[in-house]
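The values are calculated or read from the model by the stated rules, or taken from the named source; none is laboratory data. Only a predicted model underlies this, so the values are computations on that prediction, with no experimental measurement involved. Positions of Cβ are generated from backbone atoms using ideal geometry, with glycine treated the same way; all protein chains shown enter the neighbour counts. Side chains included, ligands, DNA and RNA excluded: accessible areas come from the protein's heavy atoms. Shrake-Rupley method; radii C 1.70, N 1.55, O 1.52, S 1.80 Å.
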Amino acid sequence: MMKQVARMSRSTFKSVLKLTQKKFRKAERKFLIEGSRLVEEALKSDWAIEMLMIAKPALEGMEGVNALKSAQQKNIPVYEISEEELRKLSETVTSQGVLAVVSMKEQEPEAFWSSLPRQSVIVGFDGISDPGNAGTMLRTCDWFGVNGVLIDRNGVELYSPKVTRSAMGSIFHLPVLTEIDLLQSLRFAKNLGYQVFITTSSGEAGFPSTPFPEKSMFIFGNEAHGVSPGIMREADGRVSIPKFGKAESLNVAIACGVILGSLRIPNTIGKAERPLSR
């Protein structure tokens, strides 16, 4: 039998509302997620959930009831919030009325690298600035079984609402090192035997006709400027997607999907330029 849901106090609401700002998320090491699907993924994960918040209309629907049951089974506090409070917390036009506060999971570099299997794929985000692109790329990495993701400190904030919403729960599945020096991590990976490939739209390379090395890292660059010069100099090879139409460029999240798909699906056609021209 479900317990009665308590109303959220004003002071608790104020502390949650602060998490809509990056500086408070960083200080508190907590972030806000919204949506029944995203909350469901968090509840199924081993991440620490501080509280669940449900608007009254959501409590009358199956998704809200299921979230409530799961939270109470895990002894997670559940609070009812008003429509006005929901509007202040929500970043969506039509909110489902289900939110949660989650503690950030600190991923230590040593644990990240030691947990990677012998045959593994890593993806690096080099200055990816659009939250929607970053979230979609995380979701894509999750779909194609990427073993780890590196996010440069000059890129997006992993725990921003737009990133978590676009990732659709994939941040709870993937090992991610965020706010790092990507060039330094790239060099460390090369010492571990990884070969690093940058992605380019220049058309100077294509997909390989032979399999990628068992330890491969793919770097996707900033939407406007591409891969940074320092990382370009350190790379072992480059991969590009052949152009057949007249579009000026390809969205970086789409490019991520095409390249990772070609990696996982055998018998791709083309040749990769390797080693990288200096």
Tell me the strands (runs of 3 or more DSSP E) entirely within region 172-278 that contain at least 3 residues that are modelled with pLDDT of 90 or more. 176-180, 195-200, 215-221
Taking the condition part of a helix (DSSP H, G or I), open to solvent by 20 Å² or more (accessible area, probe 1.4 Å), of a type in the set (Gly, Ala, Ser) and farther than 19 Å from ARG29 by Cα, does SER166 pass? yes
If ASP46 satisfies every condition in (1) assigned to a helix (DSSP H, G or I); (2) under 20 Å from THR164 (Cβ atoms); (3) free of Cβ contacts under 8 Å to residues at least 24 places away in the same chain but one, which is the exception? (1)
Assuming GLU110 fulfils every condition listed in (1) open to solvent by 70 Å² or more (accessible area, probe 1.4 Å); (2) touching a strand residue (DSSP E or B) at 6+ places or on another chain (Cβ under 7 Å) apart from one, which condition is it? (2)
Among the residues of region 136-150, is there at least one that is open to solvent by less than 10 Å² (accessible area, probe 1.4 Å), closer than 24 Å to PHE218 by Cα and more than 12 Å from the chain's Cα centre (by Cα)? no
Going through region 239-260 one residue at a time, which ones are open to solvent by 50 Å² or more (accessible area, probe 1.4 Å), more than 17 Å from the chain's Cα centre (by Cα) and in contact (Cβ under 8 Å) with a residue 40 or more places away in the chain? LYS243, SER249, LEU250
Please state which of the following conditions LEU158 fails to meet, knowing it meets all the rest: (1) free of Cβ contacts under 8 Å to residues at least 40 places away in the same chain; (2) open to solvent by less than 20 Å² (accessible area, probe 1.4 Å); (3) over 17 Å from the mean Cα position of the chain (by Cα). (3)
Report yes if some residue within region 85-92 is among the polar types (S, T, N, Q) and out of contact with any Asp or Glu (no Cβ under 9 Å at 6 or more places or on another chain); otherwise report no. no
Residues that are aliphatic (A, V, I, L, M): which helices (runs of 4 or more DSSP H) entirely in region 79-159 hold 2 or more of them? 83-89, 131-143
